[in-house]
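Engineer: This is the structure I have questions about; it appears just below.
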Amino acid sequence: MKSSSTIPAEKVTVGGLAIQLDPYFFRKLVEQEELTVIHGTRGFFTRWHIYIALNQGLTFYTKSLQPLDFLKIDVEAEKLVSYISL
């Protein structure tokens, strides 16, 4: 869910250890730890919505073909660059 307080980012780079979570567990983690959520899209033929949150040096992410409207997005990335497979 985009809000007026969403910060735009031209480019977000992701690297290191990344842990993929189911959208339900990602939501629980974000709400329990009050984490900042970064959103961006990737894909050429299939457009994926990627949601990223950092916690204690680890990168957690989830992806979905549809926007996850139940998440509050803090940073909207125009471009996601990844050195790992998201």
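Readers should treat all values here as calculations from the given coordinates under stated rules, not as data from a laboratory. This structure is a prediction, so every number in the text was calculated from the model and none was measured. Backbone-built Cβ (ideal geometry, glycine too); neighbour counts: all protein chains shown.
Engineer: Over the chain, what relative contact order in percent results from Cα pairs under 8 Å that are six or more residues apart?
Structural biologist: Working: 161 pairs, mean separation 39.8, N = 86.
Relative contact order of the chain: 46 percent.
Engineer: Would you please calculate the Kirkwood hydrodynamic radius of region 7-82 over all C-alpha pairs and express it in Å, rounded to one decimal? List each step's numbers first, then the result.
Structural biologist: Numbers: mean 1/r = 0.0803 Å⁻¹.
Kirkwood hydrodynamic radius for region 7-82: 12.5 Å.
Engineer: Place a +1 charge on the Cβ of each Lys and Arg in the chain and a -1 charge on the Cβ of each Asp and Glu, then give the dipole magnitude about the Cα centre in debye, rounded to the nearest 20. It would help to have the intermediate numbers written out before the result.
Structural biologist: Details: 9 positive and 9 negative charges, 56 e Å.
Computed charge dipole of the chain: roughly 280 debye.
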